[in-house]
Amino acid sequence: MFYDEVKVNFKAGNGGDGCFSFRRGKYEPKGGPDGGNGGRGGAVYIIADTNVADLTDYHYKPGWKAKNGEPGRGSDQHGANGTDILLRVPVGTVVIDRETEDPVAEVLAHGDQVLLLEGGFGGKGNETFKSSVNQAPRQFTLGKPGEEGEYRLVVKTIADVGLIGFPNAGKSTLLNMITNAHPKTGAYPFTTMFPMVGVLEYPDQYERITVADIPGLIEGASENRGLGHRFLKHVERCKVLLVMIDMEGTDGREPIADFRVLLNELKLYMPGLVKKPELVAANKMDEPNAPEHLQAFKKKFKGKVYPISCVSDEGFVELKQALLEAVLEVRLAEKALEEEAEENSNH
Ligand SMILES: Nc1nc2c(ncn2[C@@H]2O[C@H](COP(=O)(O)OP(=O)(O)OP(=O)(O)O)[C@@H](O)[C@H]2O)c(=O)[nH]1
Ligand SMILES: [Mg+2]
């Protein structure tokens with residue numbers, strides 16, 4: 001199983017209590033106060049790790065607690081701080097507060113670390129309250145409770161290109177052929193059950209982009225039919241969409257209708273998705289009816305259409321180049337926006 005969404009409960013450690021104690025020695029029957037402070041509770045962090053593929057670990061163990069701080073002791077001994085916990089999550093994980101449904105944190109790159117919950121402060125021992133006017137303080141304080149939260153963790157794939165299409169369009173076959181990833185392929189729908197990201201290299205141009213194979217979508221996906229919007233969320237962060245159409249219309253599919261339905265599902269799920277640059281890969285051009293269907297398709301839609309065949313690798317050079325250019329364009333635009341934002345914040 002692949003888990004890209006889980007419910008979890010995290011808790012930071014409580015602060016240790018301060019200690020109330022007086023020094024008592026053989027020659028010191030009425031020694032001064034010596035109660036130490038309690039230690040601080042451990043905090044809870046999440047950290048993005050490319051070696052963590054999904055949230056399976058949290059499905060099986062949803063509850064995580066950082067250690068409490070130790071209480072202070074006599075002889076001026078402070079309690080040890082509780083150890084922080086660093087929870088490893090896949091790159092692209094969003095943390096959503098289950099009560100408010102607000103996102104509270106996200107980690108987008110390997111090594112990104114976010115503090116989710118602060119540990120409680122340790123209490124003060126009575127030694128701390130000693131002063132010239134209070135030589136034998138009787139006050140001390142208790143440790144504060146650590147923060148806790150009920151969250152939903154959601155992974156949203158990070159890739160430059162999101163490959164979408166009906167089941168059996170040939171998405172996984174293409175990923176196998178042009179990237180280093182090897183998703184399973186098969187002549188039955190929903191062969192792909194979870195998104196997989198592959199790297200597409202351009203050795204001559206010293207460039208590389210990432211392509212995500214998304215499980216097949218069907219009409220009603222935005223309302224959760226088929227594998228549904230569970231998987232549409234994985235295209236939210238892609239820079240460019242590659243819509244793959246089975247141009248042969250295998251098993252009675254209709255290329256023109258397929259394209260309409262796909263765009264509509266994207267729009268219903270999130271209107272912003274259709275504003276992303278999108279290229280169309282007209283696949284299975286090796287099949288007998290594909291050329292005729294392609295002509296009709298091009299008459300209907302004015303956008304960029306790249307005829308390809310995963311059997312002969314026809315059209316791959318043009319498609320790969322078009323993908324690179326589209327991705328580079330978005331990267332440049334994003335960089336310009338970032339620089340602008342930085343400049344504004346400096347003024
Ligand atoms: N003739 C022909 N068959 C193809 C081509 N590309 C893929 N296929 C076949 O189409 C079938 C489906 O391919 P997949 O790559 O598994 O399709 P998918 O889009 O990943 O499907 P899901 O994972 O179910 O969404 C397989 O039997 C492939 O061999 C092509 O260009 N020409
Ligand atoms: Mg597939």
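The values are calculated or read from the model by the stated rules, or taken from the named source; none is laboratory data. No experiment lies behind these values; they were computed from the predicted model shown. Glycine also receives a Cβ, built like all others from the backbone with ideal geometry; neighbour counts cover every protein chain displayed.
Numerical summary
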item	result
Flag if ALA48 is free of Cβ contacts under 8 Å to residues at least 60 places away in the same chain, more than 21 Å from GLU147 (Cα to Cα) and small (Gly, Ala, Ser)	no
Residue in segment 167-185 that is among the small types (Gly, Ala, Ser) and over 25 Å from ASN51 (Cα atoms) present	yes
Restricting segment 140-165 to residues that are out of contact with any strand residue (DSSP E or B) (no Cβ under 7 Å at 6 or more places or on another chain) and modelled with pLDDT of 90 or more, the residue that is nearest to ligand 2 (Cβ to nearest atom)	PRO145
Elements of type strands (runs of 3 or more DSSP E) contained in segment 97-193, each with 1 or more residues being more than 16 Å from ligand 1 (Cβ to nearest atom) and crowded, with 19+ Cβ neighbours inside 10 Å	103-107, 113-117, 148-155
First in segment 247-276 and farther than 15 Å from LYS233 by Cβ, second anywhere and modelled with pLDDT of 85 or more and acidic (Asp, Glu), Cβ under 6 Å, 6 or more apart	GLU248/GLU287; ARG253/ASP246
Any hit, segment 284-305, residues being farther than 25 Å from GLU207 by Cα and within 16 Å of ligand 2 (Cβ to nearest atom)	yes
Whichever residue in segment 194-224 is within 12 Å of ligand 1 (Cβ to nearest atom) and part of a loop (DSSP other than H, G, I, E, B) and, among such residues, is surrounded by the most Cβ atoms within 10 Å (Cβ to Cβ)	LEU217
